[in-house]
1. What number of residues in the range A:8-36 are more than 7 Å from chain B (Cβ to nearest Cβ), at pLDDT 90 or above and in contact with a Lys or Arg (Cβ under 7 Å, 6 or more places away or on another chain)?
2. Any idea which of B:G19, B:G44 is in contact with a strand residue (DSSP E or B) (Cβ under 6 Å, 6 or more places away or on another chain) and surrounded by fewer than 17 Cβ atoms within 10 Å (Cβ to Cβ)?
3. When both residues are 6+ apart or on different chains and their Cβ atoms are under 6 Å apart, which pairs have a first residue that lies in the range A:37-66 and is within 14 Å of chain B (Cβ to nearest Cβ), and a second that is β-branched (V, I, T) and assigned to a loop (DSSP other than H, G, I, E, B)?
4. Which of the following residues is within 30 Å of A:A427 (Cβ to Cβ) and part of a loop (DSSP other than H, G, I, E, B): A:A276, A:A252, A:A208, A:A220?
5. In the list B:L198, B:L171, B:L189, which residue meets the criterion of being more than 14 Å from every other protein chain (Cβ to nearest Cβ) and aliphatic (A, V, I, L, M)?
6. Six or more apart or on different chains, Cβ under 8 Å: which pairs go from a residue in the range A:94-109 that's within 30 Å of B:I155 (Cα to Cα) and in contact (Cβ under 8 Å) with a residue 40 or more places away in the chain to one that's among the hydroxyl-bearing types (S, T, Y) and part of a loop (DSSP other than H, G, I, E, B)? Could you list them?
7. Would you check which residues across the range A:159-168 are in contact with a helix residue (DSSP H, G or I) (Cβ under 6 Å, 6 or more places away or on another chain) and either part of a loop (DSSP other than H, G, I, E, B) or not assigned by TED's automatic domain parsing to the domain that holds A:K242 (or both) and list them?
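The values are calculated or read from the model by the stated rules, or taken from the named source; none is laboratory data. Here the structure is a predicted model, which means the values were calculated and not measured. Backbone-built Cβ (ideal geometry, glycine too); neighbour counts: all protein chains shown.
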Amino acid sequence: MDLMEKLTILVAGAKYDAACTSSGADRPGKTVMAGCCHTFSADGRCVSLLKVLMTNYCVYDCKYCVNRASNDCRRTAFTPEELAGLTVEFYRRNYIEGLFLSSGVIRSPDYTMERIIQTLQLLRRRYDFRGYIHAKTIPGAAPELVRRLGLLADRLSVNVELPSERSLNLLAPNKKREAIFSPMKQIRLETEQNRQELVVYKKAPQFAPAGQATQMIIGASPETDYQIITLAAAMYGKYALKRVFYSAYIPAVADSLLPAPDVKPPLLREHRLYQADWLLRQYGFGAEEILSPETPNFNPYLDPKCNWAINNMHRFPVDVNAAGPETLLRVPGIGPTSARRIVAARRNGRLGVAELKRIGVVWKRAQYFTRTSDWPPNTRPDKRTAIRALIDSTVYAFGAEQISLFQDTPGIRPLPTARDVGTVAEAVEEAVLCLASSL
Amino acid sequence: MSGVKPLAVPADVIYTYDGSFDGFLCCVFESVYTRELPFGILCGEAAPPALMAVRFIAADREKAERVRASIPLKISGRALELVTTVFCSCLAEKELRLLEFLLRAYREGGTLCAKLGDAAVAPLLNAEKRLLGEAHLLKGFVRFSDVGGALTAVITPKNYVLPFIARHFVLRYHQEQFMIFDKTHKAALVYRNGRAELLRIDHVAFPEISENEVRYQALWKRFYNTIAIEGRENPRCRMTHMPKRYWENMLEVSDLVHPAG
């Protein structure tokens with residue numbers, strides 16, 4: 001089989017893995033600390049790494065996976081030389097920032113890991129490759145192999161795959177919870193130990209300098225958004241993860257335990273999960289502030305931050321000339337950048353509405369939640385006006401089908417679909433009425 | 001500010017200069033010393049048809065150096081950085097806006113740069129942000145092809161970003177030889193034998209690419225076309241992150257803007 005065919009098969013097998021960024025590593029010769037996107041694929045996702053499988057042979061039979069043993073498809077494997085050569089040539093031409101290497105389990109977890117390590121060794125030693133490497137550890141591989149992998153890669157990840165042990169046992173019978181969380185724990189410990197070594201000896205080999213990440217599949221199993229967010233928050237705390245990625249389940253193979261193949265992937269739900277994830281990592285929110293056992297699922301119409309603001313109207317308006325940065329961050333329409341800029345700018349004079357707009361605050365949303373020297377005017381707008389401004393118009397781009405995938409949020413009527421209403425404006429109006437009465 | 005004599009008063013004159021940064025600094029020099037705020041500052045020696053007097057300001061290294069030295073001294077280091085960056089940007093009437101900013105900053109000092117919401121400062125910061133944003137995107141979007149062992153690429157950015165991406169590519173390809181040709185600004189970043197230079201070039205003729213290069217280009221296109229997930233196509237999202245004006249120079253999507261044939 002020639003390289004072109006192998007590439008096609010092994011890329012097609014890897015594309016559902018979402019945990020793919022190039023941020024956080026600081027190597028000599030690597031100047032972009034933040035991630036660097038080299039292109040965007042037709043689905044609008046950033047391509048920064050050569051995302052491939054070492055092989056799509058797999059002895060496991062995880063129900064949701066295209067590469068499951070029982071799926072009848074063409075199988076192949078890269079040799080370490082082929083893959084290392086390809087990575088270097090792509091890197092030279094500035095197509096990619098590095099390699100994202102995952103693999104099906106061929107023969108045994110240990111054997112698979114050794115093939116991966118061999119490839120990375122070729123890259124780092126023979127080709128003196130300074131690019132980014134994100135490697136998957138294979139659940140069940142020996143700790144020593146995880147350690148060797150970590151010394152070669154920038155980031156490691158172990159996929160938790162499904163948000164609960166029950167679903168894991170059901171859909172991925174060969175993967176044990178223990179086999180997933182023990183390497184995660186090991187990676188955390190090794191990273192901490194390595195940090196101390198680096199203090200003592202600057203040139204100590206670095207262990208996974210960009211930390212570890214994980215991903216889970218959304219919509220293949222019945223967990224609520226609250227369960228997912230709580231799990232993510234716990235993992236950020238316990239295993240010091242850099243990122244948790246959420247991947248809307250796309251029916252690739254039919255199975256009686258899975259949603260039917262014609263069910264659309266829950267893209268809007270995935271979008272809301274990422275928004276909530278951002279609130280956890282960058283905005284100082286706790287999981288229980290975003291959702292609760294009483295309202296375990298996201299509101300499809302409002303992003304989690306706006307939803308929180310509407311439910312906590314007593315905390316507003318916030319005085320932008322006095323409030324601390326963490327309070328500013330909670331205002332809809334103010335993000336980390338504009339919060340930072342507000343704090344810097346107000347040292348040199350009071351800020352009014354015109355200044356805030358020029359600073360980059362989204363006034364459409366922020367106006368209902370802020371107080372400045374020349375705001376608010378005498379009459380305060382009612383709740384309905386505020387909700388109208390906060391409704392996430394991307395909902396309508398996702399389509400009514402996506403909204404219908406949300407499990408019924410208590411208090412919210414069945415929502416208007418494109419068929420019921422003529423225009424987006426009408427749909428927004430109806431949603432506003434609906435939300436104003438229930439929130 | 002009543003009672004305070006303005007540093008310059010509006011005058012019915014248009015400055016023209018040669019387009020260099022030194023030339024621009026000499027315009028600042030002229031404005032401060034004649035105490036006049038020109039109606040406009042235009043690039044190029046050809047006098048525009050206008051009802052106003054046109055004065056050509058010749059670039060003078062000594063005057064430029066005096067202005068350059070005065071900025072960190074009387075304003076702040078950040079102000080010099082902002083002025084140099086915005087000068088490379090594609091902001092409309094950037095020269096006049098920068099002059100107005102400098103005249104105010106000489107009076108008010110370095111704190112002016114921190115007034116992020118000020119009507120004179122915000123557009124400059126915005127232009128700077130756009131330029132740096134474009135430079136960041138291009139760090140990823142530049143596509144090299146191997147021509148006889150050297151790497152070559154063409155870009156068509158709105159802003160003059162070459163000085164801002166040079167460091168990145170020199171560090172990334174420190175053992176290679178490469179050239180990035182900026183077609184819009186007729187300039188090239190050339191790196192060979194461990195030395196990087198920015199050159200003014202009007203035109204570059206690239207030789208035919210080798211068979212090996214064709215092979216890797218085909219592999220890359222195949223990778224790109226395979227990696228997208230069919231159930232999630234989202235052309236709008238792709239265009240938001242990767243605006244179409246970059247596509248012509250990007251191997252994997254250039255066919256979409258110029259269909260073959």
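1. 2
2. B:G19
3. A:H38/A:I96; A:D43/B:I229; A:L49/A:I96; A:L50/A:I96
4. The match here is A:A220.
5. After ruling out the rest, the residue left standing is B:L198.
6. Going by the 8 Å Cβ cut-off, the qualifying pairs are A:I96/A:S48; A:E97/A:S22; A:E97/A:S48; A:G98/A:S22; A:G98/A:S48.
7. A:V160, A:L162, A:P163
Matching residues to (1) among the hydroxyl-bearing types (S, T, Y); (2) touching a residue at least 24 places away in the same chain (Cβ under 8 Å); (3) surrounded by fewer than 19 Cβ atoms within 10 Å (Cβ to Cβ); (4) outside any strand (DSSP E or B):
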site	(1), (2), (3), (4)
A:L170	no, yes, yes, yes
A:N174	no, yes, yes, yes
A:I187	no, yes, no, yes
A:R195	no, no, yes, yes
A:A213	no, yes, no, no
